[in-house]
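The values are calculated or read from the model by the stated rules, or taken from the named source; none is laboratory data. All values derive from a computational prediction rather than experimental measurement. Cβ coordinates were reconstructed from backbone atoms using ideal geometry, including for glycine residues, and neighbour counts include every protein chain displayed. Areas reflect the complete protein model, heavy atoms only, side chains present, ligands, DNA and RNA absent. Shrake-Rupley method; radii C 1.70, N 1.55, O 1.52, S 1.80 Å.
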Amino acid sequence: MLAQTIFREYDIRGVADTELADADVQVLGQALGTYIARHAGKKICLGRDTRLSSPRLHDALLKGLIASGAEVTDIGIVPTPLLYYSVYKLKTDGGVMITGSHNPAEFNGFKSMTSETSLHGEEIQRVFQMIQSGDLDSGSGSVKEYDIVTPYVDEIGSSFPWDRKVKVVFDAGNGVAGPVMHKLAKKLNIEATELFYEMDGHFPSHHPDPTVEKNLAQLREAVKEKKADLGIAFDGDSDRIGAIDEQGNVIWGDILLLIYAREILTRKPGATFIGEVKCSQVLYDEIERLGGRPIMYRTGHSLIKAKLKEEHAALAGEMSGHMFFSDRYYGFDDALYAACRLLEIVSKSGKPLSAQTADLPKMFVTPEIRVDCPDDLKFDVVARVVERFKKTHKVIDIDGARVVFEHGWGLVRASNTQPVLVMRFEATSPELLEKYKAEVETVLAEEQAATPAHS
Ligand SMILES: [Zn+2]
């Protein structure tokens, strides 16, 4: 049986060769088919990424889905956002994407949907319980293949009629973005250089995770060499975007979100935008200055997606590069679509990408700093840090402690997925950054030492 540990907050994921055996994955398929049928219906879209283990997992999962009685529409090897798109367009009852996303090559996993929402948290645990108790439907389902790429490329390609030709370098990192982006690019007014478009589950060029700066080195070189306006990278399954400007500076998720928000606010005054607690203060201040409504929310993409709907926001985004456009789109995270939106902004501005950030205040930030802390203690520790700082500072406690200092902030929060505490800092000077960091680290160390262990 599959180990409970692979049933995680946002997906079901493990080392393919040791944790995802054929027979177990088949039972998982039957459980997912049962779950989706009981909550929505029997029509399920199935996609997979280009990882070496994906064909094997696909065959096993498909057997299980059919055994549950599901009517499967198999859309083949596609980016994760095309799985979402297929569920919306074909109006199926759910979908399953076989993907390891940006994780190391030996991993693989399953992202699932009922109707238009992603399974997460307790819903994923429920699937595990159904396997454990053998509470599974059986039937004789069916499978048919379907080309979703053609309608997708037609729809997205025809919705961006910009004037100025943009020079861009794309880096698909040997993930699934390449073939679809290649077709899409033909419909757009761009001059594109294509890096690592061959799908290869060994990921020979670099790891397909654009949030890690060293993975952007080749893109940076190519952007300079081609004198491009910008460079865009995709993660392994294309639900996360990374961007660099023409000078090679990385534009992180929060500032990307701001670039998109500013454009939207020219058309939709007062629009709402959702960022996470890790995002720069510049994002929130600038949206407010422009008359928009910024909301700082909890980290975690299913949470952010739910908040997007609840607040009727135009856009939500994460540091990791997940961008959820409701404005002119369906509200799911699609890095190919996000790339088109960025190209549109750059085209219309008549200038390279750096022009979009030139007027923003210069801030100094740390990357995410991770501190080990056992799962059963991490929330207690964070609660103590919140209480401690509340005595002396303003603390935003929607997700951990975001301590507001005079010229910056420091964040301590418990990871949803690992036994760690995550910290991040921002300030107007390197000296203040160090000062705030030292202050928070001292309090954290004291409170961590003082937190009683659960018996
Ligand atoms: Zn991904």
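Provide a single number: the residues in segment 118-139 that are surrounded by 18 or more Cβ atoms within 10 Å (Cβ to Cβ), modelled with pLDDT under 95 and not in a loop (DSSP other than H, G, I, E, B).
So the count comes out to 1.
Any residue in segment 220-239 that's assigned to a strand (DSSP E or B): show its pairings with residues that are among the aliphatic types (A, V, I, L, M) and within 12 Å of the ligand (Cβ to nearest atom) at Cβ separation under 6 Å, as long as the two are six or more apart or on different chains.
Short answer, once both residue conditions are applied: PHE234/ALA177; PHE234/ALA335.
Among the residues of segment 232-246, is any surrounded by 19 or more Cβ atoms within 10 Å (Cβ to Cβ), under 26 Å from GLY292 (Cβ atoms), more than 16 Å from the ligand (Cβ to nearest atom) and not polar (S, T, N, Q)?
Taking segment 232-246 first, the residues surrounded by 19 or more Cβ atoms within 10 Å (Cβ to Cβ) are 232-246.
Filter again for under 26 Å from GLY292 (Cβ atoms), leaving 232, 239-245.
Going one step further and asking which of them are more than 16 Å from the ligand (Cβ to nearest atom), we end up with 244-245.
Now narrow it down to the ones that are not polar (S, T, N, Q): 244-245.
Checking segment 232-246: at least one residue is surrounded by 19 or more Cβ atoms within 10 Å (Cβ to Cβ), under 26 Å from GLY292 (Cβ atoms), more than 16 Å from the ligand (Cβ to nearest atom) and not polar (S, T, N, Q).
Within the set of pairs 6+ apart or on separate chains, which have a first residue in segment 137-151 that is within 12 Å of TYR85 (Cβ to Cβ), a second that is open to solvent by 70 Å² or more (accessible area, probe 1.4 Å), and C-beta atoms under 7 Å apart?
Filtered contacts from segment 137-151: VAL149/LYS183; PRO151/LYS89.
Quick one: VAL282 ticks every box in (1) away from the ligand (no atom under 16 Å from the Cβ); (2) outside any helix (DSSP H, G or I); (3) β-branched (Val, Ile, Thr); (4) closer than 27 Å to ILE398 by Cα bar one, so which box is it?
So VAL282 meets the others, but not (2).
Only residues in segment 1-17 that are farther than 13 Å from PHE128 by Cα count as the first member; pair them with residues that are aromatic (Phe, Trp, Tyr) and open to solvent by less than 60 Å² (accessible area, probe 1.4 Å), Cβ under 7 angstrom, at least 6 apart or cross-chain, and list the lot.
Sorted first by the residue in segment 1-17, then by its partner, the pairs are GLY14/PHE107; VAL15/PHE107; ALA16/PHE107.
From the list PHE405, PHE379, exactly one residue is open to solvent by 70 Å² or more (accessible area, probe 1.4 Å) and hydrophobic (A, V, I, L, M, F, W, C). Which is it?
Values: PHE405 fails: open to solvent by 70 Å² or more (accessible area, probe 1.4 Å).
Every option except PHE379 fails the conditions.
Might you let me know whether segment 269-277 holds any residue that is within 16 Å of the ligand (Cβ to nearest atom) and in a strand (DSSP E or B)?
no
Can we say PHE196 is open to solvent by less than 40 Å² (accessible area, probe 1.4 Å) and of a type outside the set (A, V, I, L, M)? Reasoning before the result, please.
Numbers: open to solvent by less than 40 Å² (accessible area, probe 1.4 Å): no; of a type outside the set (A, V, I, L, M): yes.
Criteria not met by PHE196.
I'm trying to understand the selection: among the residues of segment 80-109, which are more than 12 Å from the ligand (Cβ to nearest atom), buried (at least 24 other Cβ atoms within 10 Å of the Cβ) and either modelled with pLDDT under 95 or within 15 Å of SER54 (Cβ to Cβ) (or both)?
Once the filter is applied, which keeps residues that are more than 12 Å from the ligand (Cβ to nearest atom), buried (at least 24 other Cβ atoms within 10 Å of the Cβ) and either modelled with pLDDT under 95 or within 15 Å of SER54 (Cβ to Cβ) (or both), segment 80-109 yields LEU82, VAL96, ILE98, ASN108.
Restricted to segment 44-79, and to residues that are hydrophobic (A, V, I, L, M, F, W, C) and within 16 Å of the ligand (Cβ to nearest atom), which residue is nearest to ALA21 (Cα to Cα)? If you could, list the steps in order and put the result at the bottom.
Of the residues in segment 44-79, the ones hydrophobic (A, V, I, L, M, F, W, C) are 44-46, 52, 57, 60-62, 65-67, 70, 72, 75, 77-78.
Filter once more, so that each one left must be within 16 Å of the ligand (Cβ to nearest atom): 77-78.
Details: ILE77: 21, VAL78: 23 Å.
Ranking the qualifying residues of segment 44-79, first place goes to ILE77.
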